[in-house]
Amino acid sequence: MMCDQERIRLVILGGAGVGKSCIVKRFLFNQYSDKYKSTVEDLYNREFDLGPVTIKVDILDTCGDIQFPAMRRLSIATAHAFLFVYSITSSESYEQVKCCMEEVREQRPDYQDIPIVVAGNKLDMAMYRREVRVEDVSEWLFCSLPKLRAKLMECSAKDSYNVRDIFKCFVTLARILPPSGEETPLKRRSSAYVRGGSRRAASPQTQPAEPSTSGAMHVEPTRAKPRSRSLIRRSSRKAKQQIRDAHNGSDDCTVS
C-alpha cells in the first residue's frame with residue numbers, strides 16, 4: 001500500500017524496553033543512552049545516497065505497549081518494510097514479536113513480498129542473561145512461517161554491533177540495487193523506492209535516464225513508431241518476388 005511514491009516507510013515493531021529507539025538513534029545519530037523513555041510514536045526522515053539510487057526513507061518508531069490500536073493498524077497498513085525487535089534477554093519480548101508478525105499477516109495480504117528484518121537486541125548481555133536462542137528464532141522465522149523475504153540478525157545498540165548491517169539488509173531485501181552493484185536497470189517491486197521509477201526494467205526502446213532534481217534516476221518510456229502502409233506494401237511485394245524466384249530455380253538466397 002503506497003502512500004507516497006517518493007518514499008519508503010520502515011516501521012519498527014516490538015515490545016516495550018527492547019531497544020527499538022536505541023537502535024534507531026544509534027544508526028541515525030550514533031547516540032546511546034541507558035535511560036528508558038516510553039515511545040508513543042516517533043518519525044524520522046532521512047535521504048540515503050546508494051550510488052546510482054537515492055532513496056527517501058521514513059523510519060517510524062512505534063509504541064511497545066498496545067495502547068493505541070488504531071495507530072498500530074495504520075502503521076502496519078502504510079509500511080513498505082518492517083523491523084521486528086526483541087531482546088535476547090526476554091523470552092516474553094520474543095513472544096510479542098510473534099504477535100506482531102501475526103498482526104502483519106492478518107492485515108497485509110502481501111506480507112510475503114515485504115522486506116522484513118527480525119533483530120535480537122542486547123547481544124552485549126548474551127553471556128549471562130540470554131533467554132532466547134537464535135536457533136529457536138531461526139526455526140520459527142524460516143521453518144514455521146510461510147516463505148518470507150526476511151533476515152534474522154542479533155545486535156547490540158549499546159556496543160553499536162550489527163546496527164548498520166540491519167539497515168543495509170533492507171537494501172538487499174527490497175532489491176533496490178542489483179546484487180553485483182552494477183549500474184544496470186533497477187529491479188524492484190515498487191516505484192516507491194525511487195522517484196518516478198518504472199515498474200519494468202528499462203528496455204532498448206527507453207530513452208537514456210536523466211537525473212531528477214531529487215538525485216534519483218527518472219526514465220521516460222518511448223513508444224515504437226508504427227510502420228507505414230507503404231513500407232508494409234513494399235515488404236509484401238519483396239516477399240512475393242522471392243517466392244517466384246524460388247519457383248524459377250533461382251540459386252540466390254536473400255535473408256530479410
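Below is a table of values for the structure above.
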{"read-out": "Rg ratio (alpha-carbon, reference 2.2 N^0.38 Å) - the range 12-56", "value": "1.39"}
{"read-out": "Charge dipole magnitude, Cβ of K and R +1, D and E -1 - the range 1-133, Cα centre, debye nearest 20", "value": "360 debye"}
{"read-out": "Among beta bridges that DSSP assigns inside the range 1-129, antiparallel share in %, nearest 5", "value": "35 percent"}
{"read-out": "Order of exposure, largest accessible area first, which applies to 161, 86 with probe 1.4 Å", "value": "161, 86"}
{"read-out": "Expected-Rg normalisation [2.2 N^0.38 Å, Cα atoms] applied to the range 1-127", "value": "1.05"}
{"read-out": "HN-Hα J in Hz across the range 115-131 - Karplus 6.51, -1.76, 1.60, θ = phi - 60°, x for Gly and Pro", "value": "x, 9, 10, 9, 10, x, 8, 6, 5, 5, 9, 5, 5, 10, 9, 5, 10"}
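The values are calculated or read from the model by the stated rules, or taken from the named source; none is laboratory data. Every value quoted in this text rests on a predicted model; they were computed, and no experiment measured them. Reconstructed Cβ throughout: ideal geometry from the backbone, glycine too, with neighbour counts over all protein chains shown. Only protein heavy atoms, including side chains, enter the accessible area calculation; ligands, DNA and RNA are left aside. Shrake-Rupley method; radii C 1.70, N 1.55, O 1.52, S 1.80 Å.
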